[in-house]
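Undergrad: I'd like to ask you about the structure that follows.
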Amino acid sequence: MEKVGLTVGLSSNAGHNSSGRVSREKMSRRKNLAWLCAITVVCLLLLYANQRNTSNGNGTEYFRPREHTGILPLLNAHKYHGTSRLYGVAAGTSFDSNAYPPMPTAHNVTIADVLAYQRALIAAECTDSETGRKLPDGMTPETGGKPSRSLIITTWRSGSTFLGDILNALPGNYYHYEPLLDFDIVQIRGPPNDSVAIHNLRHLLHCDYSEMENYLEFGRTHKYLFSHNTRLWQQCERFPQFCYEPRFLGPFCRLFPRQSMKVVRLRAALVTPLLEDESLNVRVVLLIRDPRGSLQSRKHRVWCPGRPDCDDPSTVCSDMQLDYEAAVELSKRFPRRFRVVRYEDLSLNPYRMTKEILHFYGLPFHPEVKMFLDTHTKQDVGGVSSTYRDSKSAPFHWTKDLTFDQVKIIQDSCVAAMRSWGYRNATSEQELFDNFNPLLPYSVS
């Protein structure tokens, strides 16, 4: 009996022990699963943070304003014209270190220090190393002078980044890059946005950053608003504490003898107040592109589809026709300060057309401009926002990338605009593949 009882007791204890082990194993598995889930979440968060904060030096995507700010890469932030050389040193010349003051350090630096340093950089950049000749005195707002002000009016994917970078290659240039970015993916044709838009453009051309809170706040979270202004951005990277402060930006802008601006959200008729403003003495180029080319190019941009002002052929071509009618009037009123350029003409003859455009703006065909063209017009390099292009083929990718049905939809929506601006209709898919030439003569006079 004792043996039987002992056996039963041992069996019972063994059952309890086995049950306990199973319970502990289940508990252990639960803990392991919980730890695995926790580690997975942490990894995902780290991956997200890495994508958010990784340097976007090679990024070329251009996302919608104010949307998906956590994954916005800098637009073409790698395109610092002249980074292969020291700032202000012309191509092929030797660097004279005596022409430059010591670099200010971030410790206890003041705005006055940065301005003094930039002033010396501009003086060196704008001095011909062979003749010692400088830009004409009295061109800087800081000294009460009037800078050259060169404005590009166009729309999305029409070659304005290329032309804007040509102007920014000039020594002593301050580049207002797409100052209406904070208006979102819209075209400004009149009220209610026109008065605010013109106010902002006028303020920037006068180097006045007061009453520009929305613009500056947008710039804080969308660095590409300032990064294309390479001379400003170099100092912003060194001294970020000053970058978005009107008390720094205004005096900094007033150091420069040249200003350029490209605007893709304002229709041509609305630049009239700027042309009428004698204090600005601005000169305007309206840059036009074949709607088949611009609409094809926009298909590759995440910010365009679903936005009628950007992807609807009827809306796009209505704007083009209104721009043509405005161009006819503005050419009569301001023959020396308003002109039209087709992107295709610039791309097919980049050197000749660049000389023409610079002459219109009252600017020289500087060696830095020639170097830019030498390095940016021969072959395709980079993504869809890169300005390194085989310029003779870039405007005509649409003839291979669009189907004939897609081409016909655009053509049927653009009869008046294409006739006005000198763009030939394609009549068949075979014609598109046979080195189709879409260009016809046009005139705004």
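The values are calculated or read from the model by the stated rules, or taken from the named source; none is laboratory data. Quantities reported herein were computed from a predicted structural model and do not represent experimental measurements. Virtual Cβ from ideal backbone geometry, glycine too; neighbours counted across all protein chains shown. The accessibility values were calculated without ligands, DNA or RNA, using every heavy atom of the protein model including side chains. Shrake-Rupley method; radii C 1.70, N 1.55, O 1.52, S 1.80 Å.
Undergrad: When residues of the range 323-346 are filtered for being within 17 Å of residue 290 (Cβ to Cβ), part of a helix (DSSP H, G or I) and of a type in the set (A, V, I, L, M), how many remain?
TA: 2
Undergrad: Between residues in the range 218-233 that are of a type in the set (Val, Ile, Thr) and residues that are assigned to a helix (DSSP H, G or I), which pairs lie under 7 Å by C-beta distance while being six or more apart or on different chains?
TA: These pairs meet every condition: 221/69; 230/168.
Undergrad: Looking at the range 134-168 only, could you name the residues that are assigned to a loop (DSSP other than H, G, I, E, B) and within 19 Å of residue 267 (Cα to Cα)?
TA: Within the range 134-168, 154, 155, 156, 157, 158, 159 meet the criteria.
Undergrad: Kindly provide the set of residues from the range 169-199 that are part of a helix (DSSP H, G or I) and open to solvent by 10 Å² or more (accessible area, probe 1.4 Å), ordered by number.
TA: Correct list: 182, 183, 194, 195, 196, 198, 199.
Undergrad: Give the residues of the range 395-410 that are surrounded by 20 or more Cβ atoms within 10 Å (Cβ to Cβ) and either out of contact with any helix residue (DSSP H, G or I) (no Cβ under 7 Å at 6 or more places or on another chain) or of a type outside the set (Val, Ile, Thr) (or both), sorted by residue number.
TA: Matches in the range 395-410: 395, 396, 398, 402.
Undergrad: Taking the range 392-445, which residues are touching a Phe, Trp or Tyr at 6+ places or on another chain (Cβ under 8 Å) and among the small types (Gly, Ala, Ser)?
TA: Within the range 392-445, 417, 420, 422, 426, 428 meet the criteria.
Undergrad: Here is a follow-up. Restrict the check to the range 234-252 and report whether at least one residue is touching a Leu at 6+ places or on another chain (Cβ under 8 Å) and assigned to a strand (DSSP E or B).
TA: No, every residue in the range 234-252 fails to be touching a Leu at 6+ places or on another chain (Cβ under 8 Å) and assigned to a strand (DSSP E or B).
Undergrad: On the basis of being modelled with pLDDT of 85 or more, surrounded by fewer than 19 Cβ atoms within 10 Å (Cβ to Cβ), under 30 Å from residue 149 (Cα atoms) and not aromatic (Phe, Trp, Tyr), does residue 375 make the cut?
TA: Spelling it out, residue 375 is indeed modelled with pLDDT of 85 or more, surrounded by fewer than 19 Cβ atoms within 10 Å (Cβ to Cβ), under 30 Å from residue 149 (Cα atoms) and not aromatic (Phe, Trp, Tyr).
Undergrad: Looking at (1) modelled with pLDDT of 95 or more; (2) farther than 17 Å from residue 200 by Cβ, which is the one condition that is false for residue 224?
TA: Of the numbered conditions (1) modelled with pLDDT of 95 or more; (2) farther than 17 Å from residue 200 by Cβ, the odd one out for residue 224 is (1).
Undergrad: I would also like to ask the following. Count, please, the residues in the range 181-210 that happen to be in contact with a Phe, Trp or Tyr (Cβ under 9 Å, 6 or more places away or on another chain) and among the hydrophobic types (A, V, I, L, M, F, W, C).
TA: Number satisfying all stated conditions: 6.
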